[in-house]
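Presented below is the structure to which this report refers.
The values are calculated or read from the model by the stated rules, or taken from the named source; none is laboratory data. These numbers were taken from a predicted model, which means no experiment stands behind them. Every residue, glycine as well, gets a Cβ built from its backbone with ideal geometry; the counts of neighbours run over all protein chains shown.
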Amino acid sequence: MRLLLGGDVNINREVPATALRPVAAVLAEADVRFVNLEGPLSEPSPYPSRPDIAHKPRWRHSPPRMVDGLVAAGIDVVSCANNVTYPPAAALASSDVLDSHGIAHCGAGIDRAAARTPAIVQRAGVRVGFLACTSIFFPYGHAAGDHTPGVATAWAETSYRPDPRIAEVPGRPPVVRTVADPDDLAALRDDVRRLRDQVDVVVVSMHWGVPGDGVCDYQRQFAYAAIDAGAHIIAGHGTHDVHGIEFHRSRPILYGLGNLVFDWPTMRGRGGGMLATVDVAQRRLTLHLVSATDEHGSIRLLAPADVGAAVAGRVTRLSAALGTTVLSYVTHLDVAWPDPGRCDDAQADPAPHPRLEAGGSAGNR
C-alpha cells in the first residue's frame, strides 16, 4: 500500500486540469493520494469591497469548477483544516463540491463532531483513515463548535521569555515557548484512538508551524501524542516551505511538505514542496521534490542533484538535526526508516497489520 502525501494545493486558473499534470507520473504510482486543500471551492466575491476573507483582503476563494484539477490528478482525500477555509459558509459549500465529485475530506464540518470526523478510504482490502486539524486559524468564528460550523483545531498558547542576556545585550530577541492546548490535545488523542480500531493505517494532517528552520514545541507535542495514541504518519504543512522529518516510535513526522501547487498570485515563486510516498508495511519513505509555482502557474519535478539541490539540502539538513538520515538519488530522496527494534522509546512500533503485508496495486481506485 503506497500513500502519496502532498502539501498545500490552491487551484485558480483557466484550465484547472493542468494544475498537477507535471507530477502525474508520481501520483499514478500511488494507491491513495492526499493533499491539503488550501482554499475552499466556493464562489469568490465579485466585489473588491467585500473580500472573501475580511482579514485577508487580497485572498480569493477558488470557484467550484477548480475541483477538476483534483479530479484530473486522481486525488482521493483532502484536508480542509487550514487558515483559509473561512468563513464557515465557504467551508460547507466546498464540502458539497467535494462530495459531489467523490473526493473524501476531513477537518471541516457543520459542527465540531463533523469537523473531527475522519475520512476513510479503502484500497485492495486495506483501510486508511485520515484526520485533519489546524493550529493556524482566525480566533473568531473559525473553529467549529458544538453547534456551529468551522474547522477542527489544534490550538497552542504562546509565551515570550526575555533572553537571559538582555540586561547585557539590549535588543536580543525573546525566547518563544509554545504549549499545546490541553483540550485540543486530548481531543486529538481520542480521535486517533477511535480511528485506529476502524482502519489499518492512521494519517494525521496538521496545518501548523512558523517560517524558518525550527520546530515549535507544540508541534512536537501534538505529533508525539497522536503517534502514541496510534497514528502511523503525521503529514504537516502550513509554512509554504519544506521542513525536516523526524521519527517517533519508528513512525514518521513530516513537519512541512511545503506547497504542491499554489495559484494565489502572492505565492508565485515562493517555497516549493515535496511529494512523500509512504509504504508503511515496507517502512519506506520516498520524497520527490517539486518547484515553486512560477509566474505562468507551472510546477515541475526537481532532480535533487541538479536544480533541486537547494531544496534537497534543506530537507537533508533539517532532518539531520532531528536525527533522521536522508539519502539523495538522481530522481528522488530516500529517508532512512529506523528499525523499530532499535527505538529509543520504551514502546517500539508494533508490527504492520496483516492486510498491509498483502499490499495493493497502484491505480486500484
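Checking the structure you have, find out if any residue of the range 36-51 is of a type in the set (A, V, I, L, M, F, W, C), buried (at least 24 other Cβ atoms within 10 Å of the Cβ) and in contact (Cβ under 8 Å) with a residue 24 or more places away in the chain. Reasoning before the result, please.
In the first step, residues of the range 36-51 are kept if they are of a type in the set (A, V, I, L, M, F, W, C); the result is 37, 41.
So of that shortlist, the ones also buried (at least 24 other Cβ atoms within 10 Å of the Cβ) come out as 37, 41.
So of that shortlist, the ones also in contact (Cβ under 8 Å) with a residue 24 or more places away in the chain come out as 37, 41.
Yes, the range 36-51 has at least one match.
Tell me yes or no: at least one residue of the range 211-223 is of a type outside the set (A, V, I, L, M, F, W, C), in contact with a Ser or Thr (Cβ under 9 Å, 6 or more places away or on another chain) and loosely packed, with under 13 Cβ neighbours inside 10 Å.
Looking through the range 211-223, at least one residue is of a type outside the set (A, V, I, L, M, F, W, C), in contact with a Ser or Thr (Cβ under 9 Å, 6 or more places away or on another chain) and loosely packed, with under 13 Cβ neighbours inside 10 Å.
Any residue in the range 322-340 that is free of Cβ contacts under 8 Å to residues at least 24 places away in the same chain sitting within a Cβ distance under 8 Å of a residue that is of a type in the set (G, A, S) and part of a loop (DSSP other than H, G, I, E, B)? List the pairs, counting only those 6 or more apart or interchain.
Qualifying pairs under 8 Å: T325/A336; L327/A336.
Can you name the number of the only condition in (1) at pLDDT below 95; (2) buried (at least 20 other Cβ atoms within 10 Å of the Cβ); (3) at negative phi that G272 fails?
Result: G272 passes all but (3).
Could you tell me which numbered condition A292 fails, if it satisfies all but one of (1) at pLDDT below 90; (2) within 21 Å of the chain's Cα centre (by Cα); (3) more than 19 Å from A235 (Cβ to Cβ)?
It is condition (1) that A292 fails.
Taking the condition in a loop (DSSP other than H, G, I, E, B), in contact with a His (Cβ under 8 Å, 6 or more places away or on another chain) and under 22 Å from G236 (Cα atoms), does A81 pass?
yes
Tally up the residues in the range 303-326 that are at pLDDT 95 or above and not in a helix (DSSP H, G or I), please.
5
Taking the conditions exactly as written (of a type outside the set (A, V, I, L, M, F, W, C) and surrounded by 14 or more Cβ atoms within 10 Å (Cβ to Cβ)), does T331 satisfy them or not?
Values: of a type outside the set (A, V, I, L, M, F, W, C): yes; surrounded by 14 or more Cβ atoms within 10 Å (Cβ to Cβ): yes.
Against the criterion (of a type outside the set (A, V, I, L, M, F, W, C) and surrounded by 14 or more Cβ atoms within 10 Å (Cβ to Cβ)), T331 qualifies.
List the pairs whose first member sits in the range 177-191 and is of a type in the set (A, V, I, L, M), whose second member is in a helix (DSSP H, G or I), and whose Cβ atoms are under 6 Å apart, counting only residues at least 6 apart or on separate chains?
Close Cβ pairs (under 6 Å, with a partner that is in a helix (DSSP H, G or I)) amount to A180/Y218; A180/Q221; A180/F222; L185/A225; L188/A226.
Filter the range 224-262 down to residues that are surrounded by 22 or more Cβ atoms within 10 Å (Cβ to Cβ) and small (G, A, S) and give me whichever is nearest to D183 (Cα to Cα).
A226
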